[in-house]
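All remarks here apply to the structure that follows.
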Amino acid sequence: SSPLRLRAAAENIEDAELACEVMNAMMTFEEEKMQMACDDLRTTEKLCESDNTGVIETIRNKIKKSVSMSEMAVVDRLQRQIIVADCQVYLAVLSFVKQELSAYIKGGWILRKAWKMYNKCYSDISQLQESCRRRSSSQQGELASDQANHNTAVAEGSGGVTEEALGRLKGSVSFGYGLFHLCISMVPPHLLKIVNLLGFPGDRHQGLASLAYASESKDMKAPLATLALLWYHTVVQPFFALDGSDSRAGLMEAKTILQKKAVIYPNSSLFIFFRGRVQRLECQINSALASFHDALEFASDQREIQHVCLYEIGWCSMIEMNFEDAYKAFERLKNESRWSQCYYAYLTGVCQGASGDLEGAKAIFKDVHKLFKRKNNQIEQFAFKRAERLRKMSATQELCILGVVEVLYLWKALPNCSSSKLQLMSQVLQGLGDPSCQGLKHLLLGAIQKCLGNIKDAIQSYQMAARDDLGRQTNSYVQPYSYYELGCVLLAKPETLSKGRSLLLQAKENYAGYDFENRLHVRIHSALASLKDVVPQ
């Protein structure tokens with residue numbers, strides 16, 4: 001069975017390599033890397049699908065013919081099925097990242113196949129594990145009946161697959177199965193019907209439990225499962241507000257994972273990067289910056305990791321209102337990264353303008369126009385519209401600071417800011433008199449007041465933003481986001497809970513076609529889902 005063992009090991013390595021390739025593409029969002037990953041996934045899928053009969057059915061056929069199947073033949077077949085299902089999930093993730101309707105539909109159909117395969121593999125592995133346990137019991141003389149003899153025959157028919165091999169396979173299937181559940185939970189709820197996923201249980205808790213199991217298994221993808229958990233707890237969960245407005249949810253889990261793995265991976269740039277993410281979410285910005293600079297140093301030969309570290313350095317510098325360091329980080333990304341140079345150019349421009357260099361900012365805003373290539377990408381659309389507006393209205397330092405505070409708000413980074421910086425932002429915003437940005441100004445002031453704990457002032461600002469009709473053309477998202485924010489504040493008190501729910505539904509149902517609509521729908525869905533046990537639906 002030596003060649004079979006080598007082949008199984010090679011397939012397992014290939015699966016792990018594919019996961020790394022997808023993570024690489026996901027970290028950089030570079031079109032060519034994403035396309036290359038998709039091509040490799042489809043090639044691997046075809047190779048593995050060449051012999052894909054159900055494992056249990058094959059075993060039964062072999063038993064009928066009185067031919068025993070070797071352990072590695074069973075393991076090999078299961079491993080191939082898991083790789084095919086993994087390929088489906090990776091392809092779906094790469095589709096969903098594009099955040100376009102056609103991509104959601106395509107991703108939905110891909111996931112249907114993955115769901116069936118994971119269920120089948122999980123069921124087959126569970127049956128084989130049960131068979132193994134029965135065989136072990138019968139060999140110890142604990143079962144001496146005819147039934148035990150029958151079970152032993154089934155176990156022998158499975159080629160005597162060891163518990164260890166099955167445990168590794170369960171770890172392998174749990175990685176993709178966990179990603180599957182998290183993937184479904186991140187699809188904007190109003191698109192679930194369109195992509196025909198309503199029959200799928202997108203259970204975040206099941207996804208996290210499966211990834212936790214995979215991370216502790218002996219499968220080759222265990223470290224990737226650990227990274228996926230850290231990515232979820234420190235990036236996805238706070239960004240989509242999957243636990244309401246608590247941006248610190250999941251931090252304890254992330255810290256526990258990091259403490260456990262620090263001994264195994266003391267100099268891993270990725271684990272140091274995630275340590276920085278935790279520190280940023282805990283508002284320890286100087287510590288976070290030190291971690292991101294360390295990770296940048298350790299990743300001297302890993303361009304993709306360098307870029308995510310630079311991105312975080314830029315964001316932490318914006319949080320600290322250190323605009324010069326921020327624009328230097330984003331400028332380097334604009335020049336080096338092939339993902340959305342348009343977006344990086346906009347961030348460079350607003351930070352440069354916020355630092356007082358208005359001539360430099362003006363030149364960068366012209367670059368945004370040239371770099372606007374992906375017309376269907378909502379982030380690039382936003383960056384282009386904002387840069388054009390600032391260019392045409394002769395941007396001031398205050399308007400550029402407004403632009404910085406706006407992206408901090410939209411990317412859920414205001415809760416990471418210190419009270420002194422929030423008060424400084426508030427002072428700048430209050431001095432803005434331009435009628436066209438009054439709604440946006442009040443939305444951002446409301447978010448700042450909420451972070452400072454001034455709930456009455458926050459409510460007043462959100463109400464003023466929600467009433468602003470003048471700025472709807474330039475700031476289309478302000479009203480629905482204001483209703484969402486107001487609704488979330490009112491959910492906190494039992495006496496205003498039903499009013500809060502009503503405002504969330506208004507934000508969900510009364511507005512369409514605005515910037516970052518999908519993003520808000522995921523947040524509204526999460527807030528409403530948290531009410532299921534409190535308010536009758």
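The values are calculated or read from the model by the stated rules, or taken from the named source; none is laboratory data. For clarity, every value in this text was computed on a predicted model and none was experimentally measured. A quick note on method: Cβ atoms are made from the backbone with ideal geometry, for glycine too, and the neighbour counts reach across all protein chains shown.
Here's the yes/no breakdown for (1) surrounded by fewer than 17 Cβ atoms within 10 Å (Cβ to Cβ); (2) assigned to a helix (DSSP H, G or I); (3) modelled with pLDDT of 85 or more:
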site	(1), (2), (3)
HIS150	yes, yes, no
ALA155	no, yes, no
GLY171	no, yes, yes
PHE200	no, no, no
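For segment 402-422, which positions are in contact (Cβ under 8 Å) with a residue 60 or more places away in the chain and not small (Gly, Ala, Ser)? Answer for segment 402-422, where residues must be in contact (Cβ under 8 Å) with a residue 60 or more places away in the chain and not small (Gly, Ala, Ser): VAL404, VAL407, LEU408, LEU410, TRP411, LYS412, PRO415, ASN416, CYS417, LYS421. Being more than 31 Å from the chain's Cα centre (by Cα) and in a helix (DSSP H, G or I) is the filter here; which residues of segment 426-436 pass it? Passing the criteria: GLN427, VAL428, LEU429, GLN430, PRO435, SER436. Considering only residues in segment 437-476 that are surrounded by 21 or more Cβ atoms within 10 Å (Cβ to Cβ) and outside any helix (DSSP H, G or I), the one that is modelled with the lowest pLDDT turns out to be ASN475.
Scanning segment 362-384 for residues that are assigned to a helix (DSSP H, G or I) and in contact with a Cys (Cβ under 6 Å, 6 or more places away or on another chain) turns up VAL368, LEU371, GLU380, ALA383.
In the set GLN352, GLN423, only one residue is assigned to a helix (DSSP H, G or I) and farther than 22 Å from VAL308 by Cα; that residue is GLN423.
With the structure loaded, tell me whether GLN460 is among the polar types (S, T, N, Q) and within 25 Å of LYS493 (Cα to Cα) or whether it fails that test. Yes. Do you know which residues across segment 502-516 are of a type in the set (D, E, K, R) and crowded, with 17+ Cβ neighbours inside 10 Å? The answer is LYS508, ASP515.
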